[in-house]
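The values are calculated or read from the model by the stated rules, or taken from the named source; none is laboratory data. Keep in mind that this is a model prediction, so the values were computed, not measured. Cβ: placed from backbone, ideal geometry, glycine included. Neighbour counts: every protein chain shown.
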Amino acid sequence: MYNMENIVVSEFTENAIYRLDESTRMVKQALSKIGEEHIWKRPNGISNSIGNLILHLCGNITQYAIASLGEVEDQRERDAEFEAKEGYTKDQLLEKLVATVEKAKETITRTSHEQWIKKREVQGFNFSGIGIVMHVVEHYSYHTGQIAFWVKQMKAEDLGFYDGFDLNIKNED
């Protein structure tokens with residue numbers, strides 16, 4: 001006999017990690033299309049650079065998945081993520097993002113059943129462990145789309161996220 005709770009948690013964890021890896025893949029691919037001169041460029045005075053978005057993603061993923069879900073001290077300085085205008089190269093930003101996501105994936109993987117349902121406050125919001133992971137996945141995906149859009153604006157070229165895939169295949173029953 002199988003334990004349905006274990007199966008559901010395992011499936012949720014597997015899919016959350018898949019989505020985190022997909023966003024990382026897309027960010028890497030987008031960044032491969034631009035040079036250092038594009039990292040801190042802002043589209044306008046009220047928008048963020050790719051560098052700011054990556055720092056913001058690292059801060060948010062750390063605060064939610066690593067600190068809150070992992071029950072370690074929250075040391076995030078959110079305003080600094082948006083105030084930065086330099087300080088990291090493209091490679092350094094990518095290394096920081098990859099390391100942050102890997103640590104979050106480790107935290108998610110070792111989350112206990114009790115932690116999945118335990119409510120905790122993050123940024124003034126009250127989330128369970130499931131809610132935290134859903135937030136991290138959707139937030140990463142959202143900003144991945146912003147990074148992709150900004151790179152497309154700067155380079156006027158397709159990013160090739162799905163090169164080699166036939167996305168017109170119909171669903172099977």
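From Glu81, Glu22, Glu5, Glu14, grab the single residue that is modelled with pLDDT under 95, in a helix (DSSP H, G or I) and either closer than 16 Å to Gln146 by Cβ or not small (Gly, Ala, Ser) (or both).
Just one listed residue meets the conditions, Glu5.
Could you check segment 135-169 and list, in sequence order, the residues that are among the aliphatic types (A, V, I, L, M), more than 10 Å from the chain's Cα centre (by Cα) and either within 20 Å of Ile34 (Cα to Cα) or crowded, with 16+ Cβ neighbours inside 10 Å (or both)?
Scanning segment 135-169 gives Ile147, Ala148, Val151, Met154, Ala156, Leu159.
Between Leu57, Leu69, which is buried (at least 21 other Cβ atoms within 10 Å of the Cβ) and under 23 Å from Ala30 (Cβ atoms)?
Criteria check complete, one pass: Leu57.
Quick check on segment 135-153. Is at least one of its residues in contact (Cβ under 8 Å) with a residue 24 or more places away in the chain, touching a strand residue (DSSP E or B) at 6+ places or on another chain (Cβ under 9 Å) and either farther than 30 Å from Lys41 by Cα or not polar (S, T, N, Q) (or both)?
Yes, segment 135-153 has at least one match.
Would you confirm whether any residue within segment 101-120 is touching an Asp or Glu at 6+ places or on another chain (Cβ under 9 Å), exposed (fewer than 15 other Cβ atoms within 10 Å of the Cβ) and either aromatic (Phe, Trp, Tyr) or modelled with pLDDT under 95 (or both)?
yes
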